[in-house]
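One structure is given here, and the rest of the page talks about it.
The values are calculated or read from the model by the stated rules, or taken from the named source; none is laboratory data. Bear in mind that the values here come from a model prediction, so they are computed numbers and not experimental data. With ideal geometry, Cβ positions are generated from the backbone for all residues, glycine too; neighbour counts draw on all protein chains shown. Ligands, DNA and RNA are stripped out before the accessible areas are found, and what is left, the full protein with its side chains, is counted by its heavy atoms. Shrake-Rupley method; radii C 1.70, N 1.55, O 1.52, S 1.80 Å.
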Amino acid sequence: MARALPQILDWRGDVSGKPLLRPRPRAATGPRSRVTGNPGRSRSDAWRLGSLALLALWIMAPVTLPVPVLRELVGERFAVSEFATSLFMSVNMLGALLMAPLAGAISDRWGRKRPLLVAALALDAACFFALAAPLPFWGFMAIRFVEGCAHISALSVLLMLASRALPVEQRGRAMGAVGGSMMLGVAIGAPLGGALGRSSTLLPLEVGGALALAAALLAATTIEDDRGREARPGIRAIVRTLVAHPRLGIPLAFAFADRFTVGFFTTTFSLYVRRIHGLSPAEIGLTIAVFMIPFALLSYPFGRLAERLPIALLLCGGSLLYGVGTAAVGFVGPPQLSVLMFAIGVSAAVMFVPSMVMTTDMAPDEIRATALGGFNAAGSLGFIVGPIAGGAISQVVAAQSDWATGYQVAFIVAGAAEFLCVAVSLPLLLRLRSDA
């Protein structure tokens with residue numbers, strides 16, 4: 001195992017099943033490569049990628065807008081428990097879990113990306129506005145479920161478009177730019193939600209709806225439709241192709257573990273620093289931003305690095321560092337907590353884009369949207385389990401001890417999930433290496 005580890009850290013697989021033991025060459029010679037010396041083509045590529053990056057920011061900002069006011073928005077507004085409050089972040093991920101692979105399959109089968117993207121964003125906007133209306137708790141959560149379906153549909157299509165925005169040898173920077181913009185949107189959403197929450201608890205929801213609506217208008221006016229440019233397999237063919245590529249489960253496992261821990265940061269962390277350290281909604285938003293901003297800004301550089309260095313090295317190494325930092329969160333208070341959150345954000349950037357690039361590398365062209373939908377579904381499952389686990393663990397342990405211990409145990413479990421993912425994935429990567 002020790003002798004094989006350096007080999008697997010140098011692993012990279014392509015859709016043909018042949019391992020590429022070194023990073024991609026800087027120039028591609030296959031039929032999918034574009035002429036890189038054409039200035040007009042370069043400007044077109046830059047415009048396309050810039051539009052997708054802006055869309056990613058507007059799509060993801062509403063995700064964390066409600067987080068700093070989560071207790072007031074859900075717990076106090078509907079007079080529900082800590083556990084029920086945590087479900088607010090999980091129920092929309094349940095919708096995402098169910099819808100993500102279906103949205104990807106529809107995109108692959110239909111071949112038209114723009115109408116699906118615009119419709120999903122418009123529905124997402126409508127749901128955000130509806131969440132601010134006077135509702136019973138069950139109606140509030142039902143709309144939140146639909147919002148998750150709409151959001152993940154838009155995100156799956158967006159990632160598919162990003163994977164094809166640049167030539168294949170530049171996929172790392174394309175996914176890095178869009179992935180970084182996604183995280184930047186999440187980072188902006190938290191402090192913005194805290195600032196808006198000072199005026200009204202419902203204002204973050206209304207602003208989230210406005211951003212989703214603006215994203216729908218941007219998509220309608222800037223996205224090029226792909227109809228007629230590719231083969232569109234039937235659902236049975238999509239399923240057969242997925243079954244023929246079981247190794248896609250490796251990046252999906254990392255997607256689950258990563259979103260599982262992010263679920264702790266979006267829900268349990270907010271409740272933790274509010275209860276234990278007495279941070280205000282604005283301070284909570286800023287603390288989350290300290291984690292998210294380096295995550296966002298470093299995603300593009302690490303995406304470019306993924307074009308040169310082995311993906312497995314970035315993925316496994318970043319996951320281990322991220323796990324250590326996450327496990328330590330419950331033991332650190334302000335102001336040292338901000339330093340720790342910054343370090344966790346850096347380690348998250350190391351592993352985030354490589355997991356998406358590995359998914360696109362392993363998936364054949366005709367099912368790439370489905371594969372990315374599966375990636376989002378795995379992440380959504382992690383996001384469902386994360387807030388539930390964080391809320392349940394902290395509450396159960398607190399009942400036996402105190403809330404500080406409950407939160408410490410919860411974040412230890414979150415960090416251990418990253419170690420477990422690496423431990424499970426390395427043998428599978430080793431098997432791929434030995435079968436080559």
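Residues in segment 373-389: is at least one part of a helix (DSSP H, G or I), under 21 Å from A312 (Cα atoms) and hydrophobic (A, V, I, L, M, F, W, C)?
yes
Starting from segment 47-72, keep only residues that are touching a residue at least 24 places away in the same chain (Cβ under 8 Å) and open to solvent by 10 Å² or more (accessible area, probe 1.4 Å), then list their pairs with residues that are aromatic (F, W, Y) and part of a helix (DSSP H, G or I) whose Cβ atoms are within a distance under 7 Å, requiring at least 6 positions of separation or different chains.
Matching pairs, first to second residue: none at all.
Output the residue which, of all residues in segment 199-245 that are touching a helix residue (DSSP H, G or I) at 6+ places or on another chain (Cβ under 7 Å) and among the hydroxyl-bearing types (S, T, Y), is modelled with the highest pLDDT.
T201
In segment 76-87, which residues are modelled with pLDDT under 85 and either open to solvent by less than 10 Å² (accessible area, probe 1.4 Å) or part of a helix (DSSP H, G or I) (or both)?
Answer for segment 76-87, where residues must be modelled with pLDDT under 85 and either open to solvent by less than 10 Å² (accessible area, probe 1.4 Å) or part of a helix (DSSP H, G or I) (or both): E82, F83, A84, T85, S86, L87.
I need every pair where a residue in segment 189-217 that is closer than 19 Å to P134 by Cβ and in contact (Cβ under 8 Å) with a residue 60 or more places away in the chain has its Cβ under 6 Å from the Cβ of a residue that is among the aromatic types (F, W, Y) and surrounded by fewer than 22 Cβ atoms within 10 Å (Cβ to Cβ), sequence separation at least 6 or different chains.
Pairs found: G209/F129.
Would segment 157-173 turn up any residue that is touching a helix residue (DSSP H, G or I) at 6+ places or on another chain (Cβ under 7 Å) and at pLDDT 90 or above?
yes
Which one of these is surrounded by 24 or more Cβ atoms within 10 Å (Cβ to Cβ), under 26 Å from L271 (Cβ atoms) and touching a residue at least 24 places away in the same chain (Cβ under 8 Å): I384, I388?
I384
For segment 399-419, state whether one or more residues are within 14 Å of F254 (Cβ to Cβ) and open to solvent by 60 Å² or more (accessible area, probe 1.4 Å).
yes
If I ask for residues that are closer than 22 Å to L73 by Cα, in a helix (DSSP H, G or I) and touching a helix residue (DSSP H, G or I) at 6+ places or on another chain (Cβ under 7 Å), which ones from segment 278-291 would you list?
P281, A282, I284, G285, L286, T287, I288, A289
Only one of (1) at pLDDT 85 or above; (2) surrounded by fewer than 21 Cβ atoms within 10 Å (Cβ to Cβ) fails for S181. Which number is that?
The failed condition is (2).
Of F265, F260, F269, F254, which residue is modelled with pLDDT under 90, under 20 Å from the mean Cα position of the chain (by Cα) and among the aromatic types (F, W, Y)?
Just one listed residue meets the conditions, F265.
Scan segment 203-225 for residues that are open to solvent by 50 Å² or more (accessible area, probe 1.4 Å) and outside any helix (DSSP H, G or I) and jot them down.
E224
Within the set of pairs 6 or more residues apart or between chains, which connect a residue that is touching a residue at least 12 places away in the same chain (Cβ under 8 Å) and open to solvent by less than 10 Å² (accessible area, probe 1.4 Å) inside segment 259-275 to a residue that is among the hydroxyl-bearing types (S, T, Y) and part of a helix (DSSP H, G or I) with Cβ atoms less than 6 Å apart?
T261/T326; T267/S86; Y272/Y407
If I go through segment 292-326 residue by residue, how many of them are surrounded by 22 or more Cβ atoms within 10 Å (Cβ to Cβ), part of a helix (DSSP H, G or I) and in contact (Cβ under 8 Å) with a residue 40 or more places away in the chain?
So the answer is 18.
For segment 341-361, which residues satisfy the criterion of being in contact (Cβ under 8 Å) with a residue 60 or more places away in the chain and open to solvent by 10 Å² or more (accessible area, probe 1.4 Å)?
Passing the criteria: F352, D361.
Which residue, of P364, P427, is surrounded by fewer than 24 Cβ atoms within 10 Å (Cβ to Cβ) and closer than 30 Å to R109 by Cβ?
Checking each option against the conditions leaves just P364.
Given A371, A392, A328, which one is more than 20 Å from F411 (Cβ to Cβ) and among the small types (G, A, S)?
When all the criteria are applied, what remains is A371.
Scan segment 145-154 and tell me whether some residue there is part of a helix (DSSP H, G or I), among the polar types (S, T, N, Q) and at pLDDT below 85.
no
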